[in-house]
Structures are given as C-alpha cells and as structure tokens.
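Report on the structure given below.
The values are calculated or read from the model by the stated rules, or taken from the named source; none is laboratory data. What you see is a predicted model; the values in this text were computed from it and never measured. Here the Cβ is made from the backbone with ideal geometry for all residues, glycine too, and neighbour counts use every protein chain on show. Surface areas here come from the heavy atoms of the whole protein model, side chains and all, with no ligands, DNA or RNA. Shrake-Rupley method; radii C 1.70, N 1.55, O 1.52, S 1.80 Å.
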Amino acid sequence: MAFDLKSLNEEQLKPVLQTAGPVLVTAGAGSGKTRLLTHRVAHIINDLGVDSYNILAITFTNKAANEMKERLSALGKSAYGLWISTFHSLCVSIMRRYVVELGNNYTSSFSIYDEDEKLKLLKNITNGEDDLAKRAESFISMAKNEGVDCEDAETKFTLIADIENLCKIYKAYSNALMANNAFDFDDLLLTAFKILNMVPKAREYYQERFKYIHVDEFQDTNNIQYQIVKLLAQKYKNILVVGDEDQSIYGWRGANIENIGSFIDDFNPTVFKLEQNYRSTKNILDIANLLIKNNTTRIDKSLWTENEEGAKPYYFVANTETDEAEFVVQTIMSLRKEGYSLNDFAILMRVNALSRSFEQKFILYNIKHKVYGGFKFFERKEIKDLLAYMRVAVNHSDNEALLRIINFPKRGIGESTVAQANNYAMLNNLRLYDVLITISDNKDLPLSVIKKLKPFEDVLHTLDDLKTKDDPYEFLSALVETLNLREVYGEDTDENVARKMNISELIHTAQEFNLSHQNIFDISDEKEYGKLENFLQMVSLYTDMDEMDNDDGCVNIITAHSAKGLEFKVVFIIGMEENLFPTRRSVENCDIEEERRLMYVAITRAQKRLFITRARSRFLYGARKDMLPSRFLYEIGMEKSREKQANNAFYRAGSQKENSEKITFYVNKSKVENKTPIEVFKIGTRIRHKKFGEGEIISIEEGGRYAVIRFAHAGDLTLSLQFAPIEIIKGK
C-alpha cells in the first residue's frame, strides 16, 4: 500500500496518529514533513473513514501543493474533493463565493492585479510621480499585510512621514480597484479574512466543511494568515501545523515567527519534534547545526541523519568575483565527470546582483543555466496582451486590461480617441466597456471617433462569443486567429520567433489546464465558476519557481530565499561576505537571527556536496570594494584567526598568501573536457569558440592551463584550455 504507516519513523508516526485536537510539529529541514502530511491525510481518509471533502491542506507554494497532490493521487476516488492549495488560492476561492456579501459592487469575476498593474494605477493617481507612487506602493502593501485598510491607516501609522498624503493615495487606490472590480495580491488575504470575520454564513460554511486542517511551513505565516487559520479551526480544533522556526526567513514580507507561540497560547497543542534528516550527509548537517545554535529565538533541536558522512563542505576564497565564478564553473565541469547532471547544481546567492559574473562564465564555457527570480513567463508582453483580452471577456469593469488591448494589434486608435470615449463614459456614469461595445449605436460622439472604434467593437463581440464556450484553450486559439498574430509577428526576427513560441506555450498551458481541471483534486467550489476565471486565477498566483524543471537542462542560479523548499545534490553558497550575507541592512536593523536562518536554509538545501565561497574584493553597485568574511564563516569554523587558517580542516584555500594572484581551483586534472591536448595550443593559434566565433591566442598563462584569446567582437577573454568549448581551426 502506498501509505503504509510502518514506513514512517517513530517521530513521524506520532503526529500522524494524533488526529483529534490541535497538534504542533516542529520539523527540521529534510525531516520528511511532506511524507508526514500525506500519510496523515491518507490515514484520516482510509483508516478513520473521514470524507476527503472535509480535509484542508495549506501549503505556501504551488510546487509544494502539486507534490502533495501527486503523492495522494494513489488514494484515487477516495480523495475526491480533498482541498490542497496555497493560502492565496484558498483566499481567492473564498472570495469568489462570498465577495458579493461585502457589497462595494464587487462580483465573483474580479481581476487580480500584478505588481506592474498596481504600480501603473498608483502612477495615474500620483500624476506620474514615480517616487511617490513607489513609496505609496510599499506603504499600502505593508498596511494590508498588517490587516489595516485605508480607513484605519492614518490612526494606525501616525509616526510615518507624510502619512496623511499616503492615506489619501491609499483611499484613491482602493476606490480605483473597486471601480475596476479588481484586487491586488495583498488584498487576497485581507479580503478573505474580512469575509470570514464579517459574514457569518461564510465562516460557518468553511468551519463546518474543514473539520481537519493541515498547515505546512507555519513559521512563514503572517498575522492575517494566522487569523484566517484560527477562524477556520475555531469549531472543531482538529488542526495540525508543521513548522520550523529555524527556517523562518520571510520576516521582511510580514511573516511572524511569533505565530508559533501564538498557536501554542491559543490552542494548547500537543507538540512533536522531527529531528532526523533524510536529505543531507552528516558533514553538511554538522555545520548547519553549528550555525543555527547561535540563534536564541528557537525551540532547541539538533538535526541528525543515518546518511553517510559524505565529503567535507569545501571553502574557497577568491581574489575577485571573476575568480569566484571561475572556481564554481570549473568545479561543476569536474563533477560532471562523476555523473552529476546540470540540474543537480544550484548556486545560491543572497542578492540577485551577484549573478552577473556567473552568467558571463557560463556563457564563456557554453553551460546551460537559468537565473530564477528574473523575468517570468507570464510577465512577457505578448503573454500579458493575450491574457488582458481574457480578463476583459471575464470582467467588463477591468479598465486597465481594456486600455491595454484597445490598440493591440495597432488599429489606429490614438490617445485622443480613447480620451473622448473615456470622458463620455464618465459623464454618463457608464463603464468604458459598455460605451465601446455599443459604439455603432452612439449618436453623441463624433463620427470620426465612432469610425476608429468600430473595429474594436467587433473584437469585443467576438470575445463575448468566445467566453460562452468557457474553454481557455479554445479561447486563446481562436483569439490568436482573430487578431492575426502570425502576421503581426510575421517578420523573421529572433524577437518575433520568440514571441510566437511563447504564444504557442501559453496555448499549450491552457490545454494542460483543461486536463488538470478534471482531476480528483478539483475544489468543488471552483466548479461554480467558469474555467476562464480559474485559468486567470492560476496565472495570477503563478511564481517563477513553478517553472523549475527536473531534466538535465541547466544549472540553477537562485536567491537563497527562492531556494526554500528545494534540494540539490550539489550546492554552492556564494558571496559569503559581511554586508552581503548578512546584508548591511540586517546588521543595522538587528535582524541577524533571520539572516542566520537564511544561511541555515541555504546549507540544508545540499544533499551530497556543499561549497561555500567568498571574494576578497568585489565590484558591486558601481565600485570595487575590499570585502571581509561573513561572521557566519567564523560561526561554522571556516574562518579563524589568520595563523590558524592553514590548520582548519574546512579551509581549503588557507595556504594562500593574502596578496596571492593565483588561485588553486578544485578540478580533476586527469580528466580533460577538450579532446585536443592543451599543449597543442600556442600563441598565434587560431581557434573557434561555440559562442564567440573565431579568435586568436595572444598569450598562454599558468603553465599552459589558461589562454588569453582575442575575439573580434567579444575582445580579450581568459579561458581554461581544459574546459572551454574551443577547437583549433586547421590550416590557420
């Protein structure tokens, strides 16, 4: 049987069997909490005979939710109606069902605005004052995460500078969202909480439905999320929360580590500890435990494992960020010879700014890589344009989407034409959509305006027809034909080819959505609403980490925050310097414990090998600076006083002199990537690089291991003759 309770260890089994009343599980990194959760749900359904409809499991990422669904698919039909979702997805479902009860003219077909749309709306309100709009954006997000709406913000945040003006903007922004029948991302939690708190029938419905509640990553909940959970569990109190205060790393976005203490005070739960780690080697866990014991706000526990000792974590000190990146790249290529796939490697950084030198090196050596946290698929212009058409079809009040598509593709509709239609709508207390879709019948607007808007009216009627089919795949396929996008992007350029590929991928995503929408984990509430709305909801709650693939495709370059919940066979933690990790801001704000937890999370992502690097000097934010070792390196024994460095078992670069210009790289010298022996390469040799084309060797360095190669367009580049993707051009 897929869910044999005998497969659990003793610590995992106890909370699985404790199904009545509140339970707190403090689960260390890699201790099998997903296994615990899935077995507990299976036990409640199979052994206790509870209807899966009455079970809720909340996770923090779509990736984690999908993993739980995959594991529980073995339950078959008995899992029908089982509700597994993220906090935000749960809140949207609550809003779809009950938002009309709050009044304010909201409907269940509301739009969800992303950060770009949010900022655009604020810039309109502040008359284009970018700095004020961004300051207001930060203030509004902070207020909403604290559960404070625009009416109460001024009395709540009296000490904030210019609070009166910020609150006026907050009020105008809230009114603009309401007029567009839209919510921003921060609204989702706050609005769902308002519904549960202020609408008795909604609260009673969900309390009765969710008789067994499970919350993963509880240490990452903010105040509103905890209040939502508290309300949902108020009736039956059969709630299990799994958390690890040592992995609480989202305080900067409202996560409250004190929620664990609040849960203990409010529910008086039975507490269990999970300390056995199934992910990492003993040596990796040793330094993780060494680090985290320096924190004081934690429940005492120490990870242990029955896994092998494994290789010692490897510490490397580079002279510059370029040398640091070179070390990492050569180590990856060396380990590839031992059978590791590209996606086994992760480079974890504290700040995105450190990725540049690594990206450059990966390009030089023709290594596929991906930087996560960058430009998301659903943020691409052509994708947002098509989704805006779907938003208009679903939500006729969404003026932001309407204005985005009114002249895409180009229809010769200028700003003055749009302004006249918009003014007419406001004067007559009409929605802009209602004016545009009946433009042919309008007798008051100038004939020239009506003539220019007539083609768009036809498009809006087409959208209405497509909406009746309620099929995202059919909608997008027909829309691409209606807009003639193959001709719009017909010119044979790399950009147009990429756009057409992205559009095809979007249509494929809609097709996959149709298939997944029929699975056993469909939330029954969602079936009351259209597939178009649910498809847009899925897109709105999508994150870049959902794009991570599991094939041999690429090396992963990720911020330490984004790596939470992931694991890799080989991990490089780079940039381990004071004021980088920990950051200067965390030092100034006395947030060192959260920074230490983040380092702990980074270390415990590693399964087999761990490499930690720093640079003596780094070009960062426009200037080169001398860098000091991170305080965390001293805490884990990798940095000691200078005279003791050479004796440090962890410190592999300790024999270098402070002013050393040479770096000993971690490479297997007996294994060479290039088939051509390196001694064949001489000054004057003409070569061909896979990325940069033809070049000429102008000097040989480090005993023949490196060459400076002059390329026509890329200039002079220093490359390893062992690993660079080059070949000699015969006859030259």
- Too-long pairs where the Cα-Cα distance tops 30 Å, listed order kept, from Lys381/Lys608; Lys194/Lys237; Lys144/Lys608; Lys384/Lys690: Lys381/Lys608; Lys144/Lys608; Lys384/Lys690
- Which of the trypsin sites (Lys or Arg not before Pro) across the range 332-404 are loop residues per DSSP, with 13 or fewer other Cβ within 10 Å? Lys337, Lys368
- Provide, in order from the shortest bin, the percent of all Cα-Cα pairs of the range 242-288 in each 5 Å bin, continuing until the bin that contains the maximum pair distance. 5, 15, 20, 20, 16, 15, 8, 1
- Task: Quickly rank 576-589, 21-34, 593-606 as a protection proxy: mean count of other C-beta atoms within 10 Å, highest first.
- Result: 593-606, 21-34, 576-589
- Alpha-carbon centroid distance for the pair the range 567-584 / the range 95-134, whole angstrom: 36
- So what is the relative contact order for the range 262-326, in percent, with contacts set as C-alpha pairs under 8 Å and at least six apart? 38
- Distance between modelled label sites at Lys282 and Ser699, nm, 7 Å Cα→Cβ extension: 4.8
- Glu481-Ser138 pseudo-label distance in nm [points 7 Å out on the Cα-to-Cβ vector]: 5.0
- With every protein chain present, what is the per residue accessible area of the chain (1.4 Å probe, Å²)? 44
- Task: Please state, to two decimals, what the Cα-based radius of gyration of the chain comes to when divided by 2.2 N^0.38 Å (N = residues).
- Result: 1.06
- 222 nm mean residue ellipticity, helices alone, for the chain (DSSP H n ≥ 4; -39,500 (n - 2.57); rounded to 500): -13000 deg cm²/dmol
- Most to least packed among 201-212, 680-691, 313-324 [average Cβ atoms within 10 Å]: 313-324, 201-212, 680-691
- Along principal axes, Cα extents of the range 160-244, largest first, whole Å: 45, 33, 18
- To two decimal places, what compactness ratio does the range 1-138 give when its Cα radius of gyration is scaled by 2.2 N^0.38 Å? 1.46
- Sparse-neighbour loop sites [chymotrypsin sites (Phe, Trp or Tyr not before Pro); the range 332-439; at most 14 other C-beta within 10 Å; DSSP]: Phe375
- How high is the FRET efficiency between Lys381 and Leu17 when r is their beta carbon distance and R₀ equals 41 Å, given to the nearest 0.05? 0.20
- Task: Sort the following peptides by mean Cβ neighbour count (other Cβ atoms within 10 Å, averaged over residues), highest first: 623-629, 232-238.
- Result: 232-238, 623-629
- Query: What does the charge dipole of the chain about its Cα centre add up to, to the nearest 20 debye, if the Cβ of each Lys and Arg holds +1 and the Cβ of each Asp and Glu holds -1?
  - Reply: 1880
- In debye to the nearest 20, the charge dipole size for the range 64-151, taken about the Cα centre with +1 at each Lys and Arg Cβ and -1 at each Asp and Glu Cβ, equals 520
- Computed magnitude of the charge dipole of the range 115-221 (debye, nearest 20; Cβ of K, R +1, Cβ of D, E -1): 440
- Note on the structure: In the chain, taking the dipole from +1 charges on Lys and Arg beta carbons and -1 charges on Asp and Glu beta carbons about the Cα centre, the listed residue (Phe185, Val394, Leu342) farthest towards the positive end is Leu342
- Query: For all pairs of alpha-carbon atoms in the range 240-386, what percent lies in each bin of width 5 Å, listed from the first bin to the last filled one?
  - Reply: 1, 6, 11, 13, 14, 15, 14, 11, 7, 5, 2, 0
- Item | Accessible carbon and sulfur surface of the chain relative to its total accessible area, %, 1.4 Å | 48
- In whole percent, what relative contact order does the chain give with Cα contacts below 8 Å and a gap of six or more residues? 17
- Across 10 Å bins beginning at 0, the whole-percent shares of Cα-Cα pair distances in the range 58-185 come to 11, 33, 29, 17, 8, 2
